[in-house]
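Just below is one structure, and these are the notes that go with it.
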Amino acid sequence: MNKKLNLNIFLLALGAFVTGTAEFVVSGILEIISVDLDITIALAGQLITVYSLSYAIGALVLVMLTATFERKKVLLYSIFTFILGNIIACFSYDYALLMISRVIMAMSGGLYIVVATNYAAQISTPEKRGGAIATVITGFTVSLVLGVPIGTYLAAYVDWRYIFLIIAFITVLILYFLYKRLPWIKGNTPLPFKQQIQIIKDKRLFTGLLTTVFWILGYTMVFAYISPLLGTTAGLSIEMISVVLFVLGTFAFIGSRFGGYAVDKWGPNRTISISLFIHAMALFSLTFTTQSTIGVFITVMVWGAATWTTTPAKQFYLITLKPDSSETILSFNTALMNVGMTLGAAFGGIIIQYISILYLSWISGLFVVLALIFITCSFHLNKIKSTNVHIDN
């Protein structure tokens, strides 16, 4: 990959970073927002839920509706709309307007991440596509590492609304450089809306997408409640838990980068299978390693790296199943990721409330094992189809 291409993909990744930051930064300033707008923390938390659901709509419905449009225009308009959403958030002095801004940011962000991921794959050489996809995903995962702590830090010194103004300003610069540098790419072959929906009737793709749901569901069940989990089982302080989260984010970053390398080096099948297996084992181990602070850190390192190694490999695999419908497939995958995140947070809450937080990690591990079973089925079905095609030829 030459330097010009590397820079273009890096710009796409920066766009993913700002959209991810806008999503996760609210987690760190929920209490500040609730006090400022005179609402409960539970109601403020719905800003996160609505964002996830709207993100899924943007990644699915909007991608389908814009499938035939010139891709650069879709990319630029989506990120321009995202900027408007942040500006509205900056002037949100009541809950309803802030909620509207979250919907606008999420839908445009969901559209952007799908188009940007596919864009990176299309402008790369075939042997580097896994790495290109991983770079864009890395931009999103870095927002997990930096978005919440930076936003929380800024909120201690300035009005929380200015955080969104800063995001808008940075995104304007990204928009300018994307407009100047990105090549133009034609839209996909026109497909009726019903036909786009019918794509998932392919059993290989259907089982692959179910993998996405259960993989992220298992991850989110623990991630969403990791603070009370470690506080209860490991007796860690808030300060130590924040360090654990930083380490988790750092190794998530490493995993997303390694995933791109691994899929180019060893292929998606081996990369996905091994990373999901290690992911499940890490969650099962967490039940026992919470007795030791060092054990917690080692487990979290392995867990974070394995989880996000899966992401670029799985997206690459899904694209190879139906290359002509790559954006539609990525939109389904991104939408289902957000559905899985919503379900993971909900199921985790039920377990904590009605069973015990002590059971959280190994129950999460069972969901990841289920994901491994579904992806194995997908691999098997794909192998059968490839064999039949080879025989027919």
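The values are calculated or read from the model by the stated rules, or taken from the named source; none is laboratory data. The structure displayed is predicted, hence computed values, not measured ones. Here the Cβ is made from the backbone with ideal geometry for all residues, glycine too, and neighbour counts use every protein chain on show. Note: areas computed on protein heavy atoms with side chains; ligands, DNA, RNA excluded. Shrake-Rupley method; radii C 1.70, N 1.55, O 1.52, S 1.80 Å.
Key figures for this structure:
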read-out	value
Yes/no for Gly249 being out of contact with any strand residue (DSSP E or B) (no Cβ under 7 Å at 6 or more places or on another chain), open to solvent by less than 10 Å² (accessible area, probe 1.4 Å), on the phi < 0 side of the Ramachandran plot and not hydrophobic (A, V, I, L, M, F, W, C)	yes
Residue check for Arg102: modelled with pLDDT under 90 and either in a loop (DSSP other than H, G, I, E, B) or crowded, with 19+ Cβ neighbours inside 10 Å (or both)	no
Contacts under 6 angstrom Cβ, first residue in segment 339-351 being among the aromatic types (Phe, Trp, Tyr), partner crowded, with 19+ Cβ neighbours inside 10 Å, 6 or more apart	Phe347/Met221
So Ile9, is it open to solvent by less than 20 Å² (accessible area, probe 1.4 Å), in contact (Cβ under 8 Å) with a residue 40 or more places away in the chain and over 30 Å from Tyr176 (Cα atoms)	no
Close pairs from segment 356-368: first under 19 Å from Thr309 (Cα atoms) and open to solvent by 30 Å² or more (accessible area, probe 1.4 Å), partner of a type outside the set (Val, Ile, Thr) and assigned to a helix (DSSP H, G or I), Cβ under 6 Å, at least 6 apart	Phe367/Phe214; Phe367/Leu217; Phe367/Gly218
Residue check, Thr293 among the hydroxyl-bearing types (Ser, Thr, Tyr), open to solvent by 10 Å² or more (accessible area, probe 1.4 Å), in contact with a Phe, Trp or Tyr (Cβ under 8 Å, 6 or more places away or on another chain) and within 20 Å of Ile241 (Cα to Cα)	no
Condition check for Ser124: surrounded by 14 or more Cβ atoms within 10 Å (Cβ to Cβ), of a type in the set (Gly, Ala, Ser), touching a residue at least 24 places away in the same chain (Cβ under 8 Å) and over 22 Å from Ile48 (Cα atoms)	yes
Filter result for Ala306 (of a type outside the set (Ser, Thr, Tyr) and either out of contact with any helix residue (DSSP H, G or I) (no Cβ under 6 Å at 6 or more places or on another chain) or free of Cβ contacts under 8 Å to residues at least 60 places away in the same chain (or both))	yes
Among residues of segment 178-233, those that are at pLDDT below 75 and hydroxyl-bearing (Ser, Thr, Tyr), counted	2
Members of segment 28-39 found to be open to solvent by 40 Å² or more (accessible area, probe 1.4 Å) and either at pLDDT 80 or above or touching a Cys at 6+ places or on another chain (Cβ under 6 Å) (or both), listed by number	Ile32, Val35, Asp36, Asp38
